[in-house]
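The values are calculated or read from the model by the stated rules, or taken from the named source; none is laboratory data. Just so you know, these numbers come straight off a predicted model, no measurement behind them. Here the Cβ positions follow ideal geometry from the backbone for every residue, glycine too, while neighbour counts run over all protein chains shown.
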Amino acid sequence: MSAQEVQRSVLRVEGLARRKAVNRTMELLAWVSALIAVAILGIVVYSVARRGLPALNLDLLTKDPIPFSLTNQPQGLRNAFVGTLVIVSLATLMALPFGILVAIYLNEFAPASIRNVVTMVLDILNGVPAIVIGIFVFGLFVVGHGQSGWAGSFALACLMLPLVARSTMEVLALVPNSLREASLGLGVARWRTTLSIVLPQTIGGILTGTVLAVARVAGETAPLLFVSSFVGTKTSWNPLHALQSIPVAIFELSESPDPADHARAWAAAFVLLMFILFASLGARWLATRSRRKIMGR
Amino acid sequence: MSTTIEPTVRVETRRQPMPPRERLEQIFDIQDLDAIYSGKPAVKGVTMEVYKNLVTAIIGPSGCGKSTYIRCLNRMNDLITGFTQTGTIRYHGQDICGSDVDAVAVRRNIGMVFQRPNPFPKSIHDNVAWGMKVLGIRDDINARVERALTQAALWDEVKDRLKASALSLSGGQQQRLCIARAIAVEPDVVLMDEPASALDPIATQAIEELMHNLKSEYTFVIVTHNMQQAARVADMTAFFSISHGGEGQRWGELVEYDATEKIFTAPSDKRTEDYVTGRFG
């Protein structure tokens with residue numbers, strides 16, 4: 001028996017060819033699925049860019065829309081951009097402090113039983129459809145009072161709260177317990193330990209979660225249709241009135257008979273998409289940086 | 001081939017002879033302490049006293065509850081969910097276990113140095129100064145920082161780079177920084193939970209020396225699984241061992257507590273003798 005034959009007989013395994021084939025097929029399926037996921041984003045970005053880029057110009061950001069315009073006067077969606085800026089900023093101001101406090105309570109102070117329950121509630125809240133939040137805020141604030149920008153902010157804040165709280169919890173959990181013990185072992189109170197030792201470690205992570213939450217709600221349409229959509233064409237910064245927003249403007253323009261409106265809707269969609277893409281990328285970058293900082297590398 | 005067993009531990013003689021125990025001032029009076037994690041006892045029935053201005057070592061095999069026990073002394077276990085304890089710990093005669101006792105105040109008086117160096121991600125100076133500032137010591141911060149770092153035998157190595165991050169120090173330096181941080185706030189007792197377990201022999205020696213030099217000002221309780229270390233630094237030594245009960249239960253208990261010389265040269269319990277001579281199974 002030659003050396004090669006010995007080796008072959010030693011390594012012979014029952015049904016090896018079939019196993020190899022199954023292995024290769026599964027690997028291929030997984031690879032194709034991953035490719036499709038990437039392709040979907042690519043196709044969306046490409047198609048939005050192809051239709052949106054031709055109508056993208058400075059007027060889009062700096063001019064108000066002119067309804068039923070029969071002339072070729074330059075017009076844009078300034079009111080929608082300003083409205084989204086105001087609504088999302090206010091929503092962030094509402095959701096951020098609450099979200100951080102919820103996370104601090106759950107991670108630093110709450111007993112395990114409460115933490116589990118509230119974490120689950122946050123996850124459920126995160127899964128509540130945006131339109132349900134919209135109806136809720138509509139019933140709470142809009143009925144009898146009329147639409148307003150801040151009602152829209154409140155609706156978006158409800159959507160942001162679980163996102164901010166959960167991402168803050170995640171970074172708080174990354175802070176090593178030995179740091180808390182070091183501070184408590186000195187005889188420093190817990191609130192002071194949390195504020196001065198734990199929180200500074202997590203700022204990067206909190207920022208990341210906030211950016212992701214902003215990117216997520218900036219594109220929300222459903223709740224704003226209920227609570228902040230009956231708007232004029234003038235730019236307004238006043239959240240006490242209903243404010244136009246980018247997603248609602250896209251929705252309305254898409255129903256217009258005028259092809260120029262469609263082009264503007266695509267352009268606005270492109271701007272929104274780019275904002276979300278870059279915000280997400282920036283958030284990823286911040287997240288890796290802050291994680292590295294917490295781990296001390 | 002010789003079959004005699006060489007004693008593995010030699011007790012150094014530079015230690016001054018201890019006064020009789022009745023004449024020592026008690027800092028801790030621990031009575032029948034049980035420490036329980038989620039229903040499972042970790043330590044049972046510990047009764048001992050800790051004396052002022054001495055170094056008291058807690059030795060014993062892994063899993064005998066040394067760390068759990070020392071963390072009871074400054075309520076550090078409060079942070080662990082499911083932890084309960086029974087029995088009493090009196091500190092200068094005052095019970096510190098009750099829920100009406102402020103754990104923060106307890107820890108303010110009874111500081112702690114942990115097994116792994118855990119400096120704050122701040123500068124060397126701020127690591128020592130932060131605790132003082134937060135706890136209301138505001139005068140002569142720089143002088144106090146220098147004093148604490150000198151006491152911890154670190155000053156000469158870091159005096160030119162006090163602004164540098166504490167994380168840039170070596171492990172041994174970080175641990176001495178943690179000791180400086182603990183003594184800078186002027187506690188009464190410093191608890192040390194295996195402070196040298198992650199350190200090389202030179203850093204270990206530095207820490208042992210600083211304990212020896214500082215015990216006139218502080219009271220040290222040190223957990224160590226290094227018997228030589230206990231023999232070198234401690235005046236009193238407590239030996240903990242593992243007891244087994246039915247249904248696979250196991251817990252730590254105090255076997256013997258006496259002057260270090262006695263524990264290492266003439267232990268009265270067989271288990272202590274087996275452990276200190278290296279015959280522990």
When you go through (1) surrounded by fewer than 17 Cβ atoms within 10 Å (Cβ to Cβ); (2) in contact with a helix residue (DSSP H, G or I) (Cβ under 8 Å, 6 or more places away or on another chain) one by one for B:Ser241, which number turns out not to apply? (1)
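For (1) away from every other protein chain (no Cβ under 14 Å); (2) of a type in the set (S, T, N, Q); (3) within 15 Å of the chain's Cα centre (by Cα), each residue gets a yes or a no:
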position: A:Leu174; (1), (2), (3): no, no, no
position: A:Gly185; (1), (2), (3): no, no, no
position: A:Thr194; (1), (2), (3): no, yes, no
position: A:Thr202; (1), (2), (3): no, yes, no
position: A:Thr208; (1), (2), (3): yes, yes, yes
position: A:Ala213; (1), (2), (3): yes, no, yes
position: A:Val217; (1), (2), (3): yes, no, yes
With the stretch A:15-126 as the region, which helices (runs of 4 or more DSSP H) entirely inside it contain at least 2 residues that are among the hydroxyl-bearing types (Ser, Thr, Tyr)? A:16-52, A:78-104
Hey, among B:Leu177, B:Leu167, B:Leu135, which residue is within 14 Å of chain A (Cβ to nearest Cβ) and farther than 29 Å from B:Ile27 by Cα? B:Leu167
Is there a residue in the stretch A:15-22 that is surrounded by 11 or more Cβ atoms within 10 Å (Cβ to Cβ), within 27 Å of the chain's Cα centre (by Cα) and either at pLDDT below 95 or over 24 Å from A:Gly152 (Cβ atoms) (or both)? no
When you scan the stretch B:200-207, do you find a residue that is among the β-branched types (Val, Ile, Thr) and within 14 Å of chain A (Cβ to nearest Cβ), even just one? no
Restricting to the stretch B:53-76, count the residues that are more than 11 Å from every other protein chain (Cβ to nearest Cβ) and part of a helix (DSSP H, G or I). 6
Kindly establish whether B:Glu194 is within 14 Å of chain A (Cβ to nearest Cβ), free of Cβ contacts under 8 Å to residues at least 60 places away in the same chain and farther than 15 Å from B:Pro119 by Cα. no
For the stretch A:25-34, state whether one or more residues are acidic (Asp, Glu), surrounded by fewer than 18 Cβ atoms within 10 Å (Cβ to Cβ) and modelled with pLDDT of 90 or more. yes
Just a yes or no: is a residue in the stretch B:170-178 surrounded by fewer than 22 Cβ atoms within 10 Å (Cβ to Cβ) and of a type outside the set (S, T, N, Q)? yes
Of A:Ile87, A:Ile131, A:Ile104, A:Ile124, the only residue that is out of contact with any strand residue (DSSP E or B) (no Cβ under 9 Å at 6 or more places or on another chain), touching a residue at least 40 places away in the same chain (Cβ under 8 Å), within 24 Å of A:Gly209 (Cα to Cα) and surrounded by fewer than 20 Cβ atoms within 10 Å (Cβ to Cβ) is A:Ile131
Checked against (1) more than 10 Å from chain A (Cβ to nearest Cβ); (2) over 30 Å from B:Thr204 (Cα atoms); (3) assigned to a loop (DSSP other than H, G, I, E, B), B:Thr81 satisfies every condition except (1)
Just to be sure, is A:Phe136 more than 14 Å from chain B (Cβ to nearest Cβ), among the hydrophobic types (A, V, I, L, M, F, W, C) and crowded, with 19+ Cβ neighbours inside 10 Å? no
Matching residues in the stretch A:230-243 - criterion: being buried (at least 20 other Cβ atoms within 10 Å of the Cβ) and out of contact with any Leu (no Cβ under 8 Å at 6 or more places or on another chain): A:Ala242, A:Leu243
